[in-house]
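A short write-up of the structure that comes next.
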Amino acid sequence: MTDLVERGKAMAAGVMSIFILITAVADMICGAIYALIGGIHGSGLWTGFGLLLCAVFGLITWLRRSKTAMAFFLVLDILWFVVCAAGTGVSFGLLTLLTILKGLMEEHCSLNAEGTCHCSGEYDVPMNMDDCDKVTVAQRCMFAIFVLDGIGALLALGGSIIGCMGVCCTGQVATTVVVVEPSGVTTQKMNQGAPPPEYPSIPRYK
């Protein structure tokens, strides 16, 4: 049937989706931890959620060989390749900021009367943390998000290639033509597409 994805391509989309799913879950966990300790950028959450959607449609494609699901898989992978690439850049910038902040906080920061981490002088913390040591946790989470977003971008790129092959490239489907001859003998002819072109014969010279 023309509305079904080829079995091999559907399996490739499913296997790729398993890796995307693992990356998405890990990305969302790190993003949730970062948000709980005061991060306000949502890093890891929005990239992880989109990758999760990509994985869902890829698994549906594998199980049902649906070309519609493969089309959604293709579109979401293209979109989240861009999103994850942008997320990689954002998380790298935040990681650099947290690394610098960690070094400054060891000398200039302590808990204030309100119970939040506060830095003296011109230094300040871009997060509302109740413990100055949590900047180390934030730094590690952001490093993990940076790595996972990069992996997610590569996986989304691979998924988009598989999706394009599954939606746009279909193999020839063999058809059977039944011919009934006057003698009553039934023959079958296999038609696998257009016949090869005929070339003019070259005259032979004696």
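Bear in mind that the values in this text are calculations on the coordinates, not laboratory data. Just so it is clear, the model here is predicted, and its values are computed rather than measured. Glycine gets a Cβ as well: all are built from the backbone with ideal geometry, and neighbour counts include every protein chain shown.
When the Karplus curve 6.51 cos²θ - 1.76 cosθ + 1.60 is applied with θ = phi - 60°, which whole-Hz ³J(HN,Hα) does each residue of the stretch 134-149 get, with x for Gly and Pro?
Using θ = phi - 60°, the values come out as 5, 5, 5, 5, 4, 5, 5, 4, 5, 5, 5, 5, 4, 5, 5, 5 Hz.
Can you figure out the FRET efficiency of Ile22 with Thr136, using R₀ = 30 Å and their beta-carbon distance, to the nearest 0.05? Show your work: numbers first, answer last.
Numbers: r = 25 Å, r/R0 = 0.85.
With a Förster radius of 30 Å, E is 0.75.
For Ala35 and Leu154, compute 0.36 nm times the residue count separating them, minus their Cα-Cα distance, and round to one decimal in nm. All intermediate terms of the calculation are to be shown ahead of the outcome.
Working: separation 119, 0.36 × 119 = 42.84 nm, distance 2.49 nm.
That pair, Ala35 and Leu154, stretches by 40.4 nm at full extension.
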